[in-house]
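The values are calculated or read from the model by the stated rules, or taken from the named source; none is laboratory data. Nothing here was measured: the structure is a model prediction, and the numbers come from that model. Glycine gets a Cβ as well: all are built from the backbone with ideal geometry, and neighbour counts include every protein chain shown. Heavy atoms of the whole protein, side chains included, go into the accessibility calculation; ligands, DNA and RNA do not. Shrake-Rupley method; radii C 1.70, N 1.55, O 1.52, S 1.80 Å.
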Amino acid sequence: MNNYRIAAARNAKGWSQKDLAKKIGTTQQQIARYESGANDVKSSVLLKLSAALGVTVSYLLALDDDPSFVSVVSSDTVPVPVLGRIAAGTPREAFSQSDDYHDTQRGLVASHPNAFWLVVAGNSMNRLFPEGALVLVDPDVEVHSGDVGAIFVNGDDATIKRIFFEDGSVRLHPESWDPDYRDRTIDQSDPDAPAVRVIGRAVSYTAPDGWRA
């Protein structure tokens with residue numbers, strides 16, 4: 001079950017569920033299901049909700065605590081490095097080398113001055129991030145149980161998952177439409193288990209160029 005912040009953003013507007021439903025062309029019952037987490041919210045619907053509510057998609061996904069919406073057409077940007085690709089699937093060698101930069105809103109950079117972008121490869125997180133999306137990872141933001149973050153597995157492998165810390169174990173949970181992706185639990189007390197190290201928390205994302213819902 002996902003913990004979306006749709007209700008919080010809607011209440012801040014003073015809207016009823018019916019009001020919001022009219023704004024995005026759906027029913028009050030569907031909004032109720034989204035808010036309760038009973039139904040997953042597709043990326044295309046998240047974009048509609050973001051526009052209607054005037055908050056970022058990252059805020060609705062509980063990736064960022066700042067709901068402030070900044071227009072993506074603003075020229076007030078600074079280049080932030082894209083370090084390479086990170087697996088949303090089976091962990092792979094971390095961060096292929098890249099000389100790329102992505103123009104990023106100055107306010108976002110001010111909140112996360114040491115953050116960097118990673119390119120999502122694979123579909124194990126496609127409920128949140130389409131393949132090819134850029135995910136902004138902040139190594140200075142502590143990752144709590146249930147957060148989405150980037151993590152090293154076995155030294156040189158890296159992946160992005162929803163991370164749970166449970167009784168000495170780390171559980172990596174995929175957020176995918178594909179049921180073949182399953183949770184992976186790593187028992188840190190097992191001397192034969194792969195070493196894990198959290199890289200940072202996912203704090204924002206942007207869809208790949210040319211992506212359409």
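The residue that is surrounded by the fewest Cβ atoms within 10 Å (Cβ to Cβ), among those in the stretch 113-142 that are more than 14 Å from SER58 (Cα to Cα) and in contact with an Asp or Glu (Cβ under 7 Å, 6 or more places away or on another chain), is ASN114.
Search the stretch 157-170 for residues being open to solvent by less than 50 Å² (accessible area, probe 1.4 Å), over 13 Å from the mean Cα position of the chain (by Cα) and more than 16 Å from GLU142 (Cα to Cα), and hand back the single one that is modelled with the highest pLDDT. So the residue we want is SER169. Among the residues making up the stretch 104-142, those that are out of contact with any helix residue (DSSP H, G or I) (no Cβ under 8 Å at 6 or more places or on another chain), at pLDDT 85 or above and part of a strand (DSSP E or B) are THR104, PHE116, TRP117, LEU118, VAL119, VAL120, ALA121, LEU134, VAL135, VAL137, ASP138. Residue count for the stretch 153-174 satisfying the condition of being hydrophobic (A, V, I, L, M, F, W, C), under 14 Å from ALA202 (Cα atoms) and in contact (Cβ under 8 Å) with a residue 60 or more places away in the chain: 2.
Inclusion of ALA150 among residues that are crowded, with 22+ Cβ neighbours inside 10 Å, in a strand (DSSP E or B), modelled with pLDDT under 90 and not basic (Lys, Arg) is not warranted.
Take the residues of the stretch 192-210 that are under 21 Å from VAL80 (Cβ atoms) and exposed (fewer than 11 other Cβ atoms within 10 Å of the Cβ): which is modelled with the lowest pLDDT? By that ranking, first place goes to GLY210.
Restricting SER189, SER145, SER176 to residues that are assigned to a loop (DSSP other than H, G, I, E, B), small (Gly, Ala, Ser) and open to solvent by less than 50 Å² (accessible area, probe 1.4 Å) narrows the list to SER176. Restricting attention to the stretch 1-27, the residues that are open to solvent by 70 Å² or more (accessible area, probe 1.4 Å), of a type in the set (S, T, N, Q) and part of a helix (DSSP H, G or I) total 1.
Each row is one residue, and each column tells you yes or no for (1) of a type outside the set (S, T, N, Q); (2) modelled with pLDDT of 80 or more; (3) touching a strand residue (DSSP E or B) at 6+ places or on another chain (Cβ under 9 Å).
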site: TYR59; (1), (2), (3): yes, yes, yes
site: ASP64; (1), (2), (3): yes, no, yes
site: VAL70; (1), (2), (3): yes, no, yes
site: SER74; (1), (2), (3): no, no, yes
site: LEU83; (1), (2), (3): yes, yes, yes
site: ARG92; (1), (2), (3): yes, no, yes
site: GLN97; (1), (2), (3): no, no, yes
site: HIS102; (1), (2), (3): yes, yes, yes
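Candidates in the stretch 97-112 are the residues that are of a type in the set (S, T, N, Q) and under 30 Å from ARG184 (Cβ atoms); of these, the one that is surrounded by the fewest Cβ atoms within 10 Å (Cβ to Cβ) is GLN97.
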